[in-house]
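Trainee: One structure, pasted below without further comment.
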Amino acid sequence: MAAKTRNLFGGGGGFARLAPWLMLIPGLGFYMLIGVGPSLATFVYSLTNATGIRGIPIGWVGFANYQEFLLEGARSRDNLAALRRTLIFMVLVTSIQFGVGLLMAVLVNQKLRGRLVFRTMFFVPVILGVAVQGLMWKLFLRPGGGPMDSIFGFLGLESQFLAGSNAFYWVIVVQIWANAGFTMIIFLAGMQTIPADLFEAAAVDGATGWKLFRNVTWPQLTPAVNTNFLLNIVGSLQAWMLFLVLTGYKNGTQVLGYVVYAEAFGQTGTASFRQGYAAAASIVLFALVLMLGMSANAFVKRRERKYMA
Amino acid sequence: MSVLIDNQPEPDIVIERMVPPRDPRARRKRALRKGISYGILFLFAAFYVGPLLVLIFASFKSLPEFFRNPTGLPESFSLGNFTEAWQLANFPGYLMNSLIYTGVATTLFVIMSVFVAFPIARGYVRGAGALLTLYVVALFLPPALIPQFQLILNLGLYNTRQGYILLFLINPIGLIILVNYIKSIPRELDESAAIDGCGYVRFVWSILIPLIKPAIATVTVIHAIGIWNELILATVYLTNDELYPITRGLIVFEGVYGSDWPKLAAAVLMLMMPMLVLFMFLQRFIISGLTSGAVKG
């Protein structure tokens with residue numbers, strides 16, 4: 001261990017010995033200043049009445065922000081509704097995206113003509129960013145003769161899409177569209193590490209189709225399954241940006257992440273920057289992510305022991 | 001991990017080899033399975049290509065034509081919407097801003113990060129393990145959004161290019177990718193370079209960096225994509241139209257010309273194009289970057 005920490009370039013002493021530290025400081029310094037520091041300071045701010053306006057003094061308010069956010073009046077009922085909505089969003093996005101991504105991966109992992117085109121097609125939305133993803137779907141879901149509207153009309157259905165009462169579910173559709181390709185890629189990567197002789201052995205034993213998948217692919221896929229499960233849960237709890245582009249801030253549609261942003265930066269319609277309050281809200285969301293993330297992690301570890309033993 | 005392009009032997013090749021090809025029942029079953037697979041794939045494909053096609057079609061229509069026929073093929077392919085959107089939306093300005101933010105922040109980040117990753121990977125600084133942990137736990141910290149805003153505000157960097165760039169000088173996953181890659185470079189190299197009298201900075205700059213090009217490419221690409229696509233921070237930190245990156249510019253454009261979908265569609269396509277071109281050429285790095293951050297845990 002001693003040899004490992006020896007700086008080989010330090011022979012000359014002085015500057016040469018300090019060089020690694022000196023050159024490391026800018027990167028590390030920025031990371032502490034902009035990343036870790038502010039991250040931890042969120043707790044501190046959640047106990048104050050900070051605003052987003054320069055020059056207004058900041059005072060301690062204890063846990064009043066949390067109390068107001070969770071327990072007081074009509075606003076807290078809205079907040080709890082947003083919390084419930086965040087959970088629904090998580091459950092739907094996680095389960096559907098997981099299923100769709102897995103199905104895609106299974107399909108494009110076969111020896112089929114054009115599979116690379118399909119893979120690329122499904123993956124591309126991942127790199128487009130919310131502005132493009134959102135606007136593209138706003139056009140696609142345009143009421144009054146838009147593409148989806150035409151399909152709905154053809155089927156004898158009717159919807160106002162993003163302007164209607166089901167807007168929340170349409171955002172879920174777009175969210176899954178935008179990210180299922182990522183889930184697919186992780187599954188694919190997992191599938192390609194499964195040794196081919198496992199399949200050969202199972203095929204010799206007469207296993208085909210579903211049996212092959214159930215008894216060979218699925219258990220062998222455990223690491224990818226677990227990764228996707230965790231990423232989807234944590235990711236969907238924190239996702240809210242498509243709401244910004246697709247629906248804007250409206251009561252009855254927003255998830256917790258959007259509440260934080262809107263309260264902090266005056267987007268609630270009242271133009272007040274309640275950053276202390278928003279910090280408390282973001283800690284509530286953070287606690288939710290941590291709690292659910294850790295339970296999911298424990299569940300995943302148990303699965304690993306079951307399959308990988 | 002180049003999932004989109006590689007050609008490893010895959011399960012089905014094996015299975016097909018196992019099944020005696022002359023058995024008509026097995027052959028029929030295989031054909032059926034292939035048919036179903038294609039059926040589902042084309043259904044998904046419609047869902048994926050549909051929105052893009054509609055966008056492309058819309059971008060070529062005149063406004064009256066769009067209202068008559070919002071979905072179908074355009075009557076003619078004129079580029080009028082593109083040139084008009086380009087001028088109306090101050091696109092050159094937005095595009096330039098996006099390029100500046102992405103270029104400057106990514107360059108600074110990557111250079112600084114190599115100098116952080118190298119001594120951590122080698123243990124050349126005391127507490128290297130603890131430092132690495134500091135980057136790993138970043139994924140489990142609360143969001144920095146609000147205190148970050150207070151910091152930038154109090155530094156007087158709100159609504160400035162410098163302030164906005166400052167926000168993008170960190171990326172814990174990128175750093176971890178670099179550390180892992182540097183660990184695969186043999187240490188003997190450092191030793192012989194040091195014996196030959198090569199200085200620390202010169203070693204990192206002219207020997208190490210060329211050797212870790214794949215990792216640098218990966219980190220550069222994922223970091224740059226993140227900045228290019230960023231919308232929220234641009235909304236929070238920039239209020240001056242002249243400073244907007246193209247994502248924010250597009251949303252502003254939507255606010256003003258929201259009902260003029262042909263122009264908006266042209267604008268969206270122009271924002272998308274650089275990303276798609278980049279993806280065509282760099283998909284290997286993009287995919288390895290995006291997944292290596294995820295698969296580690």
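Trainee: Search region A:44-72 for residues being of a type in the set (Gly, Ala, Ser) and away from every other protein chain (no Cβ under 12 Å), and hand back the single one that is farthest from the chain's Cα centre (by Cα).
Mentor: To start, the set of residues in region A:44-72 that are of a type in the set (Gly, Ala, Ser) comprises A:46, A:50, A:52, A:55, A:59, A:62, A:64.
Adding the requirement that they be away from every other protein chain (no Cβ under 12 Å) leaves A:59, A:62, A:64.
On the way: A:Gly59: 33, A:Gly62: 31, A:Ala64: 29 Å.
Top of the filtered list is A:Gly59.
Trainee: Among the residues of region B:115-137, are any in a loop (DSSP other than H, G, I, E, B), over 26 Å from B:Met272 (Cα atoms), in contact with a helix residue (DSSP H, G or I) (Cβ under 9 Å, 6 or more places away or on another chain) and small (Gly, Ala, Ser)?
Mentor: Among the residues of region B:115-137, at least one is in a loop (DSSP other than H, G, I, E, B), over 26 Å from B:Met272 (Cα atoms), in contact with a helix residue (DSSP H, G or I) (Cβ under 9 Å, 6 or more places away or on another chain) and small (Gly, Ala, Ser), which makes the answer yes.
Trainee: Name the residues in region B:87-101 that are in a helix (DSSP H, G or I) and either among the aliphatic types (A, V, I, L, M) or closer than 21 Å to B:Val256 by Cα (or both), would you?
Mentor: First, pick out the residues of region B:87-101 that are in a helix (DSSP H, G or I): B:87-88, B:91-101.
The answer is B:Gln87, B:Leu88, B:Phe91, B:Pro92, B:Gly93, B:Tyr94, B:Leu95, B:Met96, B:Asn97, B:Ser98, B:Leu99, B:Ile100.
Trainee: Additional query: Tell me, which helices (runs of 4 or more DSSP H) wholly within region A:238-309 include 1 or more residues that are small (Gly, Ala, Ser) and either under 22 Å from the mean Cα position of the chain (by Cα) or more than 17 Å from B:Ile146 (Cβ to Cβ) (or both)?
Mentor: On the way: elements: A:241-246, A:256-264, A:275-308.
Per the criteria, A:256-264, A:275-308.
Trainee: Under the condition of being surrounded by 16 or more Cβ atoms within 10 Å (Cβ to Cβ) and not in a helix (DSSP H, G or I), which residue from region A:52-101 is modelled with the lowest pLDDT?
Mentor: A:Gly52
Trainee: Turning to a different aspect of this structure: Got at least one residue in region A:145-160 being at the interface with chain B (Cβ under 7 Å from one of its Cβ atoms), part of a helix (DSSP H, G or I) and within 23 Å of B:Asn69 (Cβ to Cβ)?
Mentor: Yes: one or more hits.
Trainee: Picking from A:Ala41, A:Ala16, which residue would you name as being at pLDDT 95 or above and within 30 Å of B:Met112 (Cα to Cα)?
Mentor: Working: A:Ala16 fails: at pLDDT 95 or above.
Result: A:Ala41 is the single residue among A:Ala41, A:Ala16 that is at pLDDT 95 or above and within 30 Å of B:Met112 (Cα to Cα).
Trainee: Test of understanding: among B:Phe285, B:Phe253, B:Phe279, which residue is more than 26 Å from B:Leu63 (Cβ to Cβ) and either in the same structural domain as B:Gln162 (by TED's automatic domain parsing) or free of Cβ contacts under 8 Å to residues at least 40 places away in the same chain (or both)?
Mentor: Within the list B:Phe285, B:Phe253, B:Phe279, the selection yields B:Phe279.
Trainee: Return the pair list, or none, for Cβ contacts closer than 6 Å from residues in region A:240-267 that are more than 12 Å from chain B (Cβ to nearest Cβ) to residues that are at pLDDT 90 or above and in a loop (DSSP other than H, G, I, E, B), at least 6 apart or on different chains.
Mentor: A:Thr253/A:Thr247; A:Val255/A:Trp240
Trainee: Also, I was wondering about something else. Between residues in region A:71-86 that are over 11 Å from A:Val284 (Cβ atoms) and assigned by TED's automatic domain parsing to the domain that holds A:Ser282 and residues that are of a type in the set (Val, Ile, Thr) and part of a helix (DSSP H, G or I), which pairs lie under 9 Å by C-beta distance while being six or more apart or on different chains?
Mentor: Taking only residues 6 or more apart or on different chains, the pairs are A:Asp78/A:Val259.
Trainee: So, of the residues in region B:110-144 that are at the interface with another protein chain (Cβ under 7 Å from one of its Cβ atoms) and touching a residue at least 40 places away in the same chain (Cβ under 8 Å), which turns out to be surrounded by the most Cβ atoms within 10 Å (Cβ to Cβ)?
Mentor: So, considering only residues that are at the interface with another protein chain (Cβ under 7 Å from one of its Cβ atoms) and touching a residue at least 40 places away in the same chain (Cβ under 8 Å), the one surrounded by the most Cβ atoms within 10 Å (Cβ to Cβ) is B:Ser113.
Trainee: Does B:Tyr181 satisfy being at pLDDT 90 or above and within 21 Å of A:Ala262 (Cα to Cα)?
Mentor: no
Trainee: Could you list all residues from region B:25-51 that are in contact with a Phe, Trp or Tyr (Cβ under 9 Å, 6 or more places away or on another chain) and either part of a loop (DSSP other than H, G, I, E, B) or closer than 19 Å to B:Leu276 by Cα (or both)?
Mentor: B:Ala45, B:Phe47, B:Tyr48, B:Gly50, B:Pro51
Trainee: Now for a separate question. With A:Ala203, A:Ala167, A:Ala196 as the choices, which residue is at the interface with chain B (Cβ under 10 Å from one of its Cβ atoms), over 28 Å from A:Lys301 (Cα atoms) and in contact with a helix residue (DSSP H, G or I) (Cβ under 8 Å, 6 or more places away or on another chain)?
Mentor: Result: A:Ala203 is the single residue among A:Ala203, A:Ala167, A:Ala196 that is at the interface with chain B (Cβ under 10 Å from one of its Cβ atoms), over 28 Å from A:Lys301 (Cα atoms) and in contact with a helix residue (DSSP H, G or I) (Cβ under 8 Å, 6 or more places away or on another chain).
Trainee: Scan region B:171-222 for residues that are closer than 22 Å to B:Leu278 by Cα and not in a helix (DSSP H, G or I) and jot them down.
Mentor: Passing the criteria: B:Asn171, B:Ile212.
Trainee: Looking only at region A:25-35, count how many residues are closer than 17 Å to B:Ile173 by Cα and facing chain B (nearest Cβ under 7 Å).
Mentor: 6
Trainee: Now, a different point. Determine which member of the set B:Ile232, B:Ile251, B:Ile225, B:Ile246 is among the hydrophobic types (A, V, I, L, M, F, W, C), crowded, with 24+ Cβ neighbours inside 10 Å, within 23 Å of the chain's Cα centre (by Cα) and facing chain A (nearest Cβ under 10 Å).
Mentor: B:Ile246
Trainee: Same structure again: Would you please name the residue that is surrounded by the most Cβ atoms within 10 Å (Cβ to Cβ), looking only at residues in region A:109-122 that are assigned to a helix (DSSP H, G or I) and more than 7 Å from chain B (Cβ to nearest Cβ)?
Mentor: Top of the filtered list is A:Arg115.
Trainee: If you take just the helices (runs of 4 or more DSSP H) that sit entirely in region A:164-237, which of them hold at least 3 residues that are out of contact with any strand residue (DSSP E or B) (no Cβ under 8 Å at 6 or more places or on another chain) and among the hydrophobic types (A, V, I, L, M, F, W, C)?
Mentor: Filter on region A:164-237 gives A:167-191, A:196-204.
Trainee: Oh, and also: Answer with yes or no whether B:Leu189 is at pLDDT 95 or above and either out of contact with any Cys (no Cβ under 8 Å at 6 or more places or on another chain) or surrounded by fewer than 22 Cβ atoms within 10 Å (Cβ to Cβ) (or both).
Mentor: Judged against the criteria, B:Leu189 is not a match.
Trainee: Could you tell me how many of the residues in region B:145-170 are within 10 Å of chain A (Cβ to nearest Cβ) and part of a helix (DSSP H, G or I)?
Mentor: 11
Trainee: Would you pick out the residues in region B:176-193 that are in contact with a Phe, Trp or Tyr (Cβ under 7 Å, 6 or more places away or on another chain) and within 13 Å of B:Ile212 (Cα to Cα)?
Mentor: Once the filter is applied, which keeps residues that are in contact with a Phe, Trp or Tyr (Cβ under 7 Å, 6 or more places away or on another chain) and within 13 Å of B:Ile212 (Cα to Cα), region B:176-193 yields only B:Ile182.
The values are calculated or read from the model by the stated rules, or taken from the named source; none is laboratory data. Just so we're clear, the structure is a prediction, and the values are computed from it rather than from any experiment. Note that each Cβ is placed from the backbone with ideal geometry, even for glycine, and that neighbours are counted across all protein chains shown.
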